[in-house]
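A.B. asks: I am attaching a structure below and will ask some questions about it afterwards.
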Amino acid sequence: MAFNFTVSPSFPNERISDWYIFNTWMQRSLDLPIHLELHNDFGAQRQAIAAGKVDMIYANPFDASLLVREQGFRAIARPEGKPDEMVIVVAADSPTQAVPDLLAGSRIACADDPCVNTIGRILLEPANLDGNNTTELRRETYIQVAKALLRGDADLGFMPVEAFENLSSLVRRDLRVLVASQIQVIHHAFLIGPILFEHATAITGLLLSMHQSDKGQAMLTALGAQRWQALEQEDVEFMIDIISTLTT
Amino acid sequence: MDDMVASNEACSAHLLTFADGSRRQVYVTGVETPYPRGKLIVSRTDTRGIITQCNPSFVDMSGYPAAELIGQPHCILRHPDMPAAAFRDLWDTVQSGRQWNGYVKNLRKDGGHYWVYATVVPNVRDGMIVGYTSVRREPSRDKVAAAEALYREMR
């Protein structure tokens, strides 16, 4: 029976094939049967987790916290480099110059990434905006979030920094970043479930040495990373403590 | 903890007395530093409130170099306008294993201040509280005005 691997559905669609290539490489290198299942949205992913259908995951910080605290997962590595950050964007010609200018009744375009949306909500607190006095317009992709702003369907939008940077220059020209998060301390993580603990040393070793081969380096680049960095349990616990202050 | 050195700006002197009976002379200028947009200010302490770790935003806003912060009690940021009861409530809450939230006026090294919405959580490891993590975010000005009024009454 194969182990189930999944990836938080916050990565750009053009990386789907890269994750399949990564999975094939990982299976061969570890000599373990691993099935990659990519879920369309966070709801489907959480259902799979709840049903015990996830044994290994590249998770956003919020899901990583949930998996470590509630499902006994172990975080073994994180991508080296920039932590996870998001931006609140408006149309370039919007009269809004800063978050406190935003008014009750504002329409927010966003996707279903709970991590991005939670941080976006925190950044709206200086304007006294919350779920009770704003309307959320859910979109399937961040390109659609951008379109909602450009068409005037939404007053502001939430998106990961990477998604904003991946928009075409034409679209970005018509948008303006109102505020960019600089949380500095939370990041995606690679986690394994208890069923894979006996293979933890092999999996960790494989990831941490991945950048040392040309093939591994090419796969990392395709996935938007430079190398994996080891994660100690206390690093993860600290991140979880921080996230708990943001979600309750 | 060392007394503060008065800055060149016009300032008023205050003698703070902490829960452990220790005292500190501080100087206050009344100058507010705006909260840095988009940032979270993060720090950790041990169970006695001694700073063990902080992020760059914490360092920037405090006005102290990082080396002067690590190893100091967290109350190095205590502003005389904050009522002692607020911190008693904070400590009672987190020492009992619960999360504390509140609006806090922090004192900078230069005698200025900055307002935050703070959340403090106990760091529980193997069932034991081994320290505390504090995360501050930008508060709305309405909430700051309400907190200022409340704290004035409490003092």
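Every read-out reported here was derived from the displayed coordinates using simple, explicitly stated rules and does not represent laboratory data. Quick caveat: nothing in here was measured; it's all calculated off a predicted structure. Neighbour counts run over all protein chains shown; Cβ positions are idealised from the backbone, glycine included.
A.B. asks: Going through region A:56-113, which GluC sites (Glu not before Pro) have at most 15 other Cβ atoms within 10 Å and a DSSP loop state?
C.D. replies: Qualifying residues, ordered by number: A:80.
A.B. asks: Return one number: the angle in degrees, 0 to 90 and rounded to the nearest 10, between the long axis of the Cα atoms of helix A:114-123 and the longest principal axis of the Cα atoms of chain A.
C.D. replies: With rounding to tens, the tilt is 40 degrees.
A.B. asks: Which whole-Hz ³J(HN,Hα) couplings does region B:65-81 yield from phi under the Karplus relation 6.51 cos²θ - 1.76 cosθ + 1.60, θ = phi - 60°, glycine and proline marked x?
C.D. replies: Calculated HN-Hα couplings, in order: x, 3, 5, 7, 9, 5, x, 8, x, 4, 6, 4, 9, 5, 9, x, 6 Hz.
A.B. asks: Okay, next question. Treating the angle as unsigned and between 0 and 90°, give the value, to the nearest 10°, between the Cα long axis of helix B:84-95 and the longest Cα principal axis of chain B.
C.D. replies: Taking Cα atoms only, the helix is inclined about 20 degrees.
A.B. asks: OK, next. Volume per residue, Å³, of the convex hull around the alpha-carbon atoms of the protein assembly as shown?
C.D. replies: Roughly 161 Å³ of hull volume per residue.
A.B. asks: Still on this structure, I have one more. Report the net charge of residues surrounding residue A:236, where surrounding means a beta-carbon distance below 13 angstrom and charges are Lys +1, Arg +1, Asp -1, Glu -1.
C.D. replies: -2
A.B. asks: Using each residue's phi in region A:175-188, evaluate 6.51 cos²θ - 1.76 cosθ + 1.60 at θ = phi - 60° and report the 3J(HN,Hα) Karplus result to the nearest Hz, with x for Gly and Pro.
C.D. replies: So the Karplus estimates, Gly and Pro as x, are 10, 9, 7, 7, 7, 10, 5, 9, 7, 6, 10, 10, 7, 4 Hz.
A.B. asks: So, in the protein assembly as shown, how many Lys pairs have Cα atoms under 24 Å apart, if the pair is 8 or more places apart or on different chains?
C.D. replies: Close lysine pairs found across the protein assembly as shown: 6.
A.B. asks: Note down the Stokes-Einstein diffusion coefficient of region B:34-154 in µm²/s, whole number, using a Kirkwood radius over alpha carbon pairs, 20 °C, and 1.002 mPa s.
C.D. replies: The diffusion coefficient I find is 146 µm²/s.
A.B. asks: Shifting gears a bit: Calculate one ³J(HN,Hα) per residue across region A:24-38 by plugging θ = phi - 60° into the Karplus curve 6.51 cos²θ - 1.76 cosθ + 1.60, and present them in order as whole Hz with x for glycine and proline.
C.D. replies: 4, 4, 5, 4, 5, 5, 8, 6, 10, x, 10, 9, 8, 10, 9
A.B. asks: Then there is this: What GluC sites (Glu not before Pro) in region A:144-248 are in a loop by DSSP, with at most 14 other Cβ atoms within 10 Å of the Cβ?
C.D. replies: Answer by residue number: A:232.
A.B. asks: Can I ask one more? Test of the criteria: in region B:44-134, which trypsin sites (Lys or Arg not before Pro) are in a DSSP loop and have at most 15 other Cβ atoms within 10 angstrom of their Cβ?
C.D. replies: Passing both the DSSP loop test and the Cβ count: B:48, B:98.
A.B. asks: How large is the convex hull of the Cα atoms of region A:86-180 per residue, expressed in Å³ as a whole number?
C.D. replies: 80
A.B. asks: Please average, across the residues of A:93-103, the number of beta carbons from any other chain that are within 10 Å of each residue's own beta carbon, and give a whole number.
C.D. replies: Counting Cβ atoms of other protein chains within 10 Å of each residue's Cβ and averaging gives 1.
A.B. asks: Let me ask something else. Given H placed 1.01 Å from N in the peptide plane, which residues other than close sequence neighbours of residue B:79 have an amide H under 5 Å from its amide H?
C.D. replies: B:107
A.B. asks: From zero up to wherever the largest Cα-Cα distance of region A:171-248 sits, split into 5 Å bins and tell me the percent of pairs in each.
C.D. replies: P(r) for region A:171-248, in whole percents per bin: 3, 11, 16, 16, 17, 16, 11, 7, 3, 1, 0.
A.B. asks: Okay, next question. Taking only DSSP H segments of four or more residues, each worth -39500 (n - 2.57), what value at 222 nm results for chain B once the sum is divided by all its residues, to the nearest 500 deg cm²/dmol?
C.D. replies: Mean residue ellipticity at 222 nm (helix-derived): -7000 deg cm²/dmol.
A.B. asks: I've got another one for you. Using unit Cβ charges (K, R positive; D, E negative) and no other charged atoms, how large, in debye to the nearest 20, is the dipole of region B:98-155 about its Cα centre?
C.D. replies: The dipole of region B:98-155 has a size of about 80 debye.
A.B. asks: Helix B:141-154: angle to the longest alpha-carbon principal axis of chain B, degrees 0 to 90, nearest 10?
C.D. replies: Taking the Cα atoms of chain B, the angle to B:141-154 is about 90 degrees.
A.B. asks: How much net charge surrounds residue A:192 when only the other residues with a Cβ under 13 Å from the Cβ of residue A:192 are counted, with Lys and Arg +1 and Asp and Glu -1?
C.D. replies: Combined, the nearby Lys, Arg, Asp and Glu give -1.
A.B. asks: Is there a simple number for the mean count of other chain Cβ atoms within 10 Å of the Cβ of residues in A:117-129, and what is it?
C.D. replies: 3
A.B. asks: Follow-up. Could you compute the net charge surrounding residue B:155? Neighbours are other residues with a C-beta less than 12 Å from the C-beta of residue B:155; K and R count +1, D and E count -1.
C.D. replies: -1
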